[in-house]
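Each reported figure results from applying straightforward, stated rules to the coordinates on display, with no laboratory input. No experiment lies behind these values; they were computed from the predicted model shown. All Cβ positions, glycine included, derive from the backbone under ideal geometry; neighbour counts span all protein chains shown.
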Amino acid sequence: MNRTALFLLACHVGLCLAAPLVAQDQPTRPPITGIAHVRIYSTDLRKSTDFYSRMLGLPARSGGCTGMTRPCFILSDRQQVLLSETPAAPPPNLLFEIAFATPDIGRMRTYLLAHNVAVGPLARDINSVAYFSLHDPEGNPIAFVQLHPLTGSNAPAGKLSTRMLHAGFIVRDRAAEDRFYRDLLGFRMYWHGGFNDASDDWWEIQVPDGTDWIEYMLNIPAKADAKERGVQNHFSLGVDKIQSAANQLHQSGLEKLDGPEIGRDGKWSLDVYDPDGTRVEVMEFTPAKDPCCHPYTADHPKP
């Protein structure tokens, strides 16, 4: 017996007090599996290309990259670093875009529209990769892309890393960002901590269906200069052994490294900076000791 017949039968025997409420079907969120790319602004593409290709060992490609940007640097068949020329009016954040991967780009866009999020049109780039763009609550440009495995992206000898672990950016209103990333998109807590045990200066949340994460850089002065913004707005590459990575960077011509050292998160890491001051954090996949402040609450990434 269907629900309508049951309802009529209930009315007939005197149990019908009010008409049943019929919930409207709501679109569900498709998986978000990781960070697909970061897009970095550069004031000198030649210098930036030399940094990312020669010093970080990520050869520039002219094809097989998402979007119209050239050059780009393929970490794996799922992740890339893209360069774009800085516009005449430089933006405050040279880490211009973070793109997340989903297997169903159409359903993701429908889901966001159903929750009154302003999104750009669904489009395809020159490699037929479907994507759309939007801004998070604080105006940071993000995108969703539906990736397919790229061809010819095997790691060449000398590549520093084949895995992007996270991207971090300055956040003023953590609650507003959490309503978007955690409540709406389903990101989950990975770790949080600060310069002292009682503070939260770093708030790390993983994508809901993978181990890549984004990092809120908190408590940054509103008038932070370009150098400080370059430190805070960053991305991270994963390596098995930090000392081996440091040796490779020295051999490639980088004389000054910040680190290696064990951070407050318990992981070995070091920092290098591209020609425009954007920080690239090189980090081991798992902690060498317990972190400060709070324990990890989700799985660590793997190579």
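Pairs of lysine residues in region 34-284 that meet both criteria, 8 or more places apart or on different chains and Cα atoms under 23 Å apart, total 10. Using a simple spin-label model with pseudo-atoms 7 Å out from Cα toward Cβ, Glu228 and Ile262 lie 3.0 nm apart.
Using Cα pairs under 8 angstrom and six or more residues apart, how large is the relative contact order of the chain, in percent?
Reported relative contact order: 17 percent.
Can you show me the helix-derived [θ] at 222 nm for the chain, built from DSSP H runs with n ≥ 4 at -39,500 (n - 2.57) apiece and divided by the number of residues, rounded to the nearest 500.
Calculated from helices alone, the mean residue ellipticity at 222 nm is -4000 deg cm²/dmol.
Once R0 is set to 30 Å, what does the formula 1/(1 + (r/R0)^6) return for the Cβ-Cβ distance between Arg54 and Leu134, expressed as a FRET efficiency to the nearest 0.05? It comes to 0.30. Please work out whether region 80-144 counts as rounded, prolate or oblate from its C-alpha gyration tensor, where a ≥ b ≥ c are the square roots of the eigenvalues and a/c under 1.5 means rounded, while otherwise a/b larger than b/c means prolate and anything else oblate? It is oblate, given that a/c is not under 1.5 and a/b is not larger than b/c.
At what distance in angstrom do the alpha carbon centres of region 79-150 and region 210-243 lie from each other? About 20 Å separates the Cα centre of region 79-150 from the one of region 210-243. Full extension of the segment from Ser244 to Lys47, taken as 0.36 nm per residue of separation minus the current Cα-Cα distance, would add 68.5 nm. The stretch between Ser76 and Asp104 holds 8.0 nm of extra length on full extension. This uses 0.36 nm per residue minus the Cα-Cα distance.
Amide H to amide H distances under 5 Å link Leu165 with Ser236, Leu237, Gly238, where only residues 5 or more positions off or on other chains count and H is placed in the peptide plane. FRET efficiency for the pair Asp125 and Ser199, taken as 1/(1 + (r/R0)^6) with r the Cβ-Cβ distance and R0 = 41 Å, rounds to 0.50.
Counting 0.36 nm for each residue step from Val117 to Ala298 and taking away their Cα separation leaves a gain of 62.4 nm.
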